[in-house]
Every structure is written in structure tokens, then in C-alpha cells.
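The values are calculated or read from the model by the stated rules, or taken from the named source; none is laboratory data. Model, not experiment: these values are computed from the prediction. Here Cβ is always computed from backbone atoms with ideal geometry, including for glycine, and neighbour counts include all displayed protein chains.
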Amino acid sequence: MAEITTSLSIGQVAERTGLSVHALRFYEREGLFVNAVRRGPGGRRVYSEDDVDWLTVCIILRASGMPLPALRRYADLVREGAGNEEERLTLMREHHEHVTAQIGRLSESLDLIRFKVGVYEDLVDQGSGAARQCHAPSASADEARTP
């Protein structure tokens, strides 16, 4: 039995993925699709569910900070098929390290932000005079506190 492939327009894919039509064309130009984007009657782009699934992977990897050259390389490896899993693993391990470091930096930032929120909540609770002290050039109330 023949496999039924859903045909989606560029507008439908943009709506489903949250990417703009411009971004979809950019992804295609950059070689980020695993399969060549098909063309329908009149030369219009036609996408499949597999294309949407792949775009979801790309969106997540980009959101996690994967640079376009690394994403392009990953797409190339997937497109090549079996036999390059070790290189794919290396690429993913490197990105995993990057994301883990990024999470660590964000966690430190969040700690500071939580501390500052607490300082300002205390100052606001004490009244507007105390809040002005917070911006004084000398040792401010929030610098005197330990995290």
C-alpha cells in the first residue's frame, strides 16, 4: 500500500512551526532541510509531516544556542544517512556541553536576580526613603547584604 504524504503549504508550515515564511525560505537556502523541499504545481513549495518534524528539531536546537554552521553540519550528516553516527554523537556532545555551561551561567544570573528582588522587596516594604538609599554611590543596602 502506498504511503500517504500530507502536503502542506509554506503558510501552513509557518503557522505550525512558528517560523516565518521568510525563515523557512532561509532554512532551505542554508541547506538545513534533510530532504529537498518539493515543488508543487506552479513551483510552490510543498512540505511533508517529516519536514515539520525535522523543523521542530531545528527550532529546538537553534533555541538552545546551536550555531547555524553546526546545525547545517548536523543536517548534512543526517542527510548522508547511516555510518556517521560517531560524528553526530560528537556534535551533540559538544552542544550538550555548551548548553550545560549556559544553564550554569543562567542559574548564577537567576540567583543574583532573586537576591536583588529580595533586596528591593525589603526596601519597598521599609518605605520610599530606604529605596533611595539603594542607589547611593556609597555602600548601598543591597551590597551590604550577603547572598
Item to check | Index of the failed condition, PHE33 passing every other in (1) in contact with a His (Cβ under 8 Å, 6 or more places away or on another chain); (2) in a loop (DSSP other than H, G, I, E, B); (3) surrounded by 14 or more Cβ atoms within 10 Å (Cβ to Cβ) | outcome: (1)
Checklist outcome for this item: VAL99 fails exactly one of (1) touching a residue at least 24 places away in the same chain (Cβ under 8 Å); (2) under 21 Å from SER7 (Cβ atoms); (3) of a type in the set (Val, Ile, Thr), namely (2)
Checklist entry - What do you reckon, is VAL37 among the β-branched types (Val, Ile, Thr) and at pLDDT 95 or above? => result no
Item to check | Cβ-Cβ under 6 Å pairs, at least 6 apart or on other chains, the stretch 78-92 side free of Cβ contacts under 8 Å to residues at least 40 places away in the same chain, far side in a helix (DSSP H, G or I) and of a type in the set (Ser, Thr, Tyr) | outcome: LEU91/TYR74
Next on the checklist: Being surrounded by fewer than 16 Cβ atoms within 10 Å (Cβ to Cβ) and charged (D, E, K, R) is the filter here; which residues of the stretch 41-71 pass it?
Outcome noted: ARG44, GLU49, ASP50, ASP53
Next on the checklist: For the stretch 36-53, give me each residue that is assigned to a loop (DSSP other than H, G, I, E, B) and hydrophobic (A, V, I, L, M, F, W, C).
Outcome noted: ALA36, VAL37
Next on the checklist: Suppose we filter ASP125, ASP111 for residues that are in a helix (DSSP H, G or I), of a type outside the set (Phe, Trp, Tyr), farther than 21 Å from THR6 by Cα and in contact (Cβ under 8 Å) with a residue 24 or more places away in the chain; which single one remains?
Outcome noted: ASP111
Checklist outcome for this item: Of (1) in a helix (DSSP H, G or I); (2) among the hydrophobic types (A, V, I, L, M, F, W, C); (3) closer than 23 Å to ALA36 by Cβ, ALA82 satisfies every one except (1)
Checklist entry - What number of residues within the stretch 59-78 are within 11 Å of the chain's Cα centre (by Cα) and part of a helix (DSSP H, G or I)? => result 5
Item to check | Among the candidates GLU49, GLU94, GLU28, residue that is in contact with a Ser or Thr (Cβ under 6 Å, 6 or more places away or on another chain) and on the phi < 0 side of the Ramachandran plot | outcome: GLU49
